[in-house]
1. What number goes with the only condition from (1) touching a Phe, Trp or Tyr at 6+ places or on another chain (Cβ under 6 Å); (2) exposed (fewer than 15 other Cβ atoms within 10 Å of the Cβ) that GLN273 does not pass?
2. Inside segment 306-345, can you point out the residues that are among the polar types (S, T, N, Q), more than 12 Å from the ligand (Cβ to nearest atom) and surrounded by fewer than 21 Cβ atoms within 10 Å (Cβ to Cβ)?
3. Could you give every pair whose Cβ atoms fall below 8 Å, whose first residue belongs to segment 51-73 and is more than 19 Å from LYS5 (Cα to Cα) and in contact (Cβ under 8 Å) with a residue 60 or more places away in the chain, and whose second residue is away from the ligand (no atom under 15 Å from the Cβ) and outside any loop (DSSP other than H, G, I, E, B), counting only separations of at least 6 or pairs across chains?
4. If ASP308 satisfies all but one of (1) in contact (Cβ under 8 Å) with a residue 24 or more places away in the chain; (2) within 19 Å of ASN111 (Cβ to Cβ); (3) in contact with an Asp or Glu (Cβ under 9 Å, 6 or more places away or on another chain), what's the number of the condition it fails?
5. Of all the helices (runs of 4 or more DSSP H) wholly in segment 1-104, which have at least 3 residues that are within 20 Å of the chain's Cα centre (by Cα), more than 16 Å from the ligand (Cβ to nearest atom) and more than 22 Å from PRO361 (Cα to Cα)?
6. Could you pull out the residue among LEU216, LEU229, LEU208, LEU204 that is touching a strand residue (DSSP E or B) at 6+ places or on another chain (Cβ under 7 Å), among the hydrophobic types (A, V, I, L, M, F, W, C) and in a helix (DSSP H, G or I)?
7. For segment 151-194, how many residues meet the condition of being within 24 Å of LYS135 (Cα to Cα), at pLDDT below 95 and in contact with a strand residue (DSSP E or B) (Cβ under 7 Å, 6 or more places away or on another chain)?
Amino acid sequence: MTRIKDIIQHLESIAPLAYQESYDNSGLLTGNAKDDVTAVLISLDVTEQVVEEAIELGANLIVAHHPIIFKGLKSLTGKNYVERTVIKALKNDIAIYAIHTNLDNVHNGVNKKICDKLGLVNTKILAPKSAVLSKLVTFIPVNAVDKVKDAMFNAGSGGIGNYSECSFTVVGDGEFKPDEGSNPTIGRTGMREKVAEARVEIVLPSYLANAVINSLKNAHPYEEVAYYLSSLDNKNQQVGSGMIGELNTQLSGLDFMHYLKDKMALNVVKHTQILDKKIKKVAVCGGSGSFLLPAAKSKGADIFITSDYKYHEFFDADGDIIITDIGHYESEVYTKDLIYDILSEKFSKFALNLSKTVTNPISYL
Ligand SMILES: [Zn+2]
C-alpha cells in the first residue's frame, strides 16, 4: 500500500519544504503520515465543499496549493470556514497536505506551468533566492576520492544550474598524528603520517547539509573526517520567485492580451496602458506578485502577469512595462494539473482526482 508519507516524500523531492517563505505553512496540516492512502484529491484551496468531494470519492488525502491553516488556530469551535473545514477533515479522517510557496519557488513549479500555458521559452527564475546554498570542503585519500564523491553526489550535492556532479579537486599532502585511543585506517599511533590527499570542494543546497555530511562520513575511509561547511551568498538560479521567458514570435500589446485571455481561459484582464512596443519578454508570478515588479523591469520584461494588484500599485508601471492582473484563482488554477503531473509520474496506478469544485471566492458580473 502507498502511505501518505510516500506521497509527501515525492512531493518534497520536487518542492522541498525548506524553500517555502518564512510566513508560509506548507506541509501536512491534518492526518497521520503513516496512514495508507485510499485515493488523492488535488485542489487549489481546501473548503468544506472540497472535503465533501473527498468524502464522496473515498479519498483520505487532499493535496492543495493554499494551506487552509495559515495563521494558526487557537481554538476549533467551527466559528468560521477555516475551523469548519478542518473539523470536517478531522472527523472524516482526511489528511490535508499543502504545497504552497515551496511549489512557487522551484524551477518546475507554479510559474513554469504558467509559462508553459503561454508557450514561453528560455524560462528563468525572475528573482532567485540567496542564502540557500552552502559549500563543503573535505580532504580524501586519493584512492577513495571517486567513491566518496559518488556518495556525496547521491545525497544531492554538486548541482549548478543545468549541470550535476560538479566538484573541484586538487591533490596535496595531508598530515596527522594518531593519538592514544585512535584507530587509524592509515598510520600508527604516536607517529606523524603524511598521505596524498585530495581537497574536494562541492556546492550543495543548504537544507541537504546534514544528509551530505552523513554520506561523506559513511563513505570516507578515515575514523575522523576533516571538512569545512560554509554558507554562500550566491543566488540559487533554480530557486526563487516568479519567472521570465520569451515568446517565440513577438506580438503587439493588444494581440498579446487576446492571446493571454485565450491561453489562460480568462473572462477579464485588468491592465495598465498598452504600450506602443512589441511584446517579447514576459514575466509571470502566480498569485500575489506585485513585489516582483522591480525585478520584472530590471530584467527587461515587456509585460508582467500576476494578480492581487492594488489601485496605487498600477501606477508603478510608469510607462516602462504593462502590468496585467489576471486574478489570483485564474493565475493558479493550473497548479492542480501540475500537482497531478508530479504525482502521476511516480504513482501511475494510483487513484488521483482533480477537484471539480470551483473554489474561487470572486465572481464577475
Ligand atoms: Zn495563491
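The values are calculated or read from the model by the stated rules, or taken from the named source; none is laboratory data. As the structure is a computational prediction, the values presented were derived from the model and not from experiment. Cβ atoms come from the backbone with ideal geometry, glycine included; neighbour counts cover every protein chain shown.
1. (1)
2. SER344
3. GLU53/LEU41; LEU57/LEU41; LEU57/ASN353
4. Answer for ASP308: the failing condition is (1).
5. 4-14
6. Exactly one of LEU216, LEU229, LEU208, LEU204 is touching a strand residue (DSSP E or B) at 6+ places or on another chain (Cβ under 7 Å), among the hydrophobic types (A, V, I, L, M, F, W, C) and in a helix (DSSP H, G or I), namely LEU216.
7. 2
Table: residues versus (1) of a type in the set (Val, Ile, Thr); (2) exposed (fewer than 14 other Cβ atoms within 10 Å of the Cβ).
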residue	(1), (2)
GLY119	no, no
ALA127	no, no
PHE139	no, no
VAL148	yes, no
ASN162	no, yes
GLY172	no, yes
LYS177	no, yes
PRO184	no, no
